[in-house]
Amino acid sequence: MDINWYPGHMTGARRKMQEDIKLCDVVIELLDARIPGSSKNPDLDDLIGNKKRLIILNKADMADSAVTEKWVNYYESKGIKVLTMDSRVRKQTLKVTAAVKEVCKEKIERDRRRGIAARPIKAMVAGIPNVGKSTFINSFVGKTSAKTGNKPGVTRGNQWIRISKDINLLDTPGILWPKFDNQQIGLNLSFIGSINDNILEMTEVAGEFISFLKDNYCNILAERYMIKDVDDVFQIMEEIAIAKKCVKKGGEPDIEKACILLLDDFRSGKLGRISLETPQED
Ligand code: G4P
């Protein structure tokens, strides 16, 4: 299965982001805490230039907290400030404000030395589709403020949202396209549902996901679907079909339906907290 394409409209999105970054002091980069490596687009490093960066491991409520801690240590060892978040929770202003101010402390200090009255820090949010950009922005404002969709064509003129007296946030997030540097990245993105399922071979994706669970979270297969000591992936699919009552006319297990339900269970958090990637030291 080959998952790799780059939609033409992303060229426009990239240009827009380049313009927006010029207006900002800091870029808040949202990554999916379950796949921080695969949800990152290294192009952002070029786009950011010498601007400051804050990483948010979003959807941390769905990730394995022990693995998330490893990611936090990994980024901190590189001197990058990182926060873990569930962006659906409102009123996390203090936490975000403190982190942004820490990242921008040199600018704040410089302004102070020059006798410039404290100007609010200007921040923008960036990340791949579905990582939670709108949810993050909306957590500081009313529900409708940051609805831009993932189509760069429908973005409105820039507006600033005052999230605290010290920080203004651009209401339009920067949309990055994931970087399909290897097949595993494509798979990780499809596991979490960031790639349109219509173009995927769902049984193949589910097969890879089952192999991952077998190796890393075998207790989940046992607890959720009562599957123990089964090694063969297809046999596990059959057992999931039986556990989920996915049966075709004639009594045969409906493997395709079972695969879709398994991935749905994962994506909706019913399988519990799962991380798909650990940091690789480079
Ligand atoms: P985007 O702007 O980056 O494209 O992402 P968006 O905010 O639209 O969020 C995509 C989905 O992820 C939404 O769910 C949203 O509720 C969910 N989400 C965002 N942040 C978090 C988080 O920190 N934790 C969890 N568990 N979920 C998060 P949806 O089902 O597509 O929409 P909805 O039914 O929630 O409105």
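The values are calculated or read from the model by the stated rules, or taken from the named source; none is laboratory data. These figures come from a predicted structure and were not determined experimentally. Ideal geometry is used to build each Cβ from the backbone, glycine not excepted, and the neighbour counts take in all protein chains shown.
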> Out of segment 120-141, which residues are within 9 Å of the ligand (Cβ to nearest atom) and either under 11 Å from the mean Cα position of the chain (by Cα) or of a type in the set (Gly, Ala, Ser) (or both)?
Replying inline: Gly127, Ile128, Pro129, Asn130, Val131, Gly132, Lys133, Ser134, Ser139
>> Considering only segment 79-89, I want to know if a residue exists there that is surrounded by fewer than 20 Cβ atoms within 10 Å (Cβ to Cβ), without any contact (Cβ under 8 Å) to a residue 24 or more places away in the chain and part of a loop (DSSP other than H, G, I, E, B).
In response: yes
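Would it be correct to say that Ala146 is of a type in the set (Gly, Ala, Ser), within 16 Å of the ligand (Cβ to nearest atom), modelled with pLDDT of 90 or more and crowded, with 22+ Cβ neighbours inside 10 Å?
No, not satisfied.
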> For segment 52-74, what are the residues that are buried (at least 18 other Cβ atoms within 10 Å of the Cβ), under 20 Å from Thr97 (Cβ atoms) and of a type outside the set (S, T, N, Q)?
Replying inline: Lys52, Leu54, Ile55, Ile56, Leu57, Ala60, Val72
> So how many residues does segment 218-229 have that are surrounded by fewer than 18 Cβ atoms within 10 Å (Cβ to Cβ), in a loop (DSSP other than H, G, I, E, B) and not basic (Lys, Arg)?
Replying inline: 2
> If Gly251 passes every condition in (1) closer than 22 Å to Lys59 by Cα; (2) in a loop (DSSP other than H, G, I, E, B) but one, which one does it miss?
Replying inline: (1)
> Could we say that Gln280 is among the polar types (S, T, N, Q), more than 28 Å from Val131 (Cα to Cα) and either under 28 Å from the mean Cα position of the chain (by Cα) or not in a loop (DSSP other than H, G, I, E, B) (or both) here?
Replying inline: no
> Of the residues Asp25, Asp64, Asp45, which single one is modelled with pLDDT of 95 or more and either within 19 Å of Lys81 (Cα to Cα) or in contact with a Pro (Cβ under 9 Å, 6 or more places away or on another chain) (or both)?
Replying inline: Asp25
> In this structure, does Val27 turn out to be touching a helix residue (DSSP H, G or I) at 6+ places or on another chain (Cβ under 6 Å) and closer than 20 Å to Asn158 by Cβ?
Replying inline: yes
> In this structure, does Lys70 turn out to be at pLDDT 95 or above and within 16 Å of the ligand (Cβ to nearest atom)?
Replying inline: no
> Can you tell me which residues in segment 160-175 are part of a loop (DSSP other than H, G, I, E, B) and either more than 16 Å from the ligand (Cβ to nearest atom) or modelled with pLDDT under 50 (or both)?
Replying inline: Lys165, Asp166
> So which residues in segment 160-217 are aromatic (Phe, Trp, Tyr) and buried (at least 21 other Cβ atoms within 10 Å of the Cβ), if there are any at all?
Replying inline: Phe191, Phe209
> Thr93: more than 13 Å from the ligand (Cβ to nearest atom) and among the polar types (S, T, N, Q), yes or no?
Replying inline: yes
>> Cβ-Cβ under 8 Å, sequence separation 6+ or interchain: first residue in segment 124-140 and closer than 18 Å to Asp20 by Cα and free of Cβ contacts under 8 Å to residues at least 60 places away in the same chain, partner assigned to a strand (DSSP E or B) and more than 6 Å from the ligand (Cβ to nearest atom). Which pairs?
In response: Ile137/Val125; Ile137/Ile161; Ile137/Leu169
>> under 25 Å from Leu271 (Cα atoms) and either modelled with pLDDT of 90 or more or more than 16 Å from the ligand (Cβ to nearest atom) (or both): is that true of Ser39 in this structure?
In response: yes
> Just one of Asp86, Asp32, Asp45 is away from the ligand (no atom under 14 Å from the Cβ) and not hydrophobic (A, V, I, L, M, F, W, C); which is it?
Replying inline: Asp45
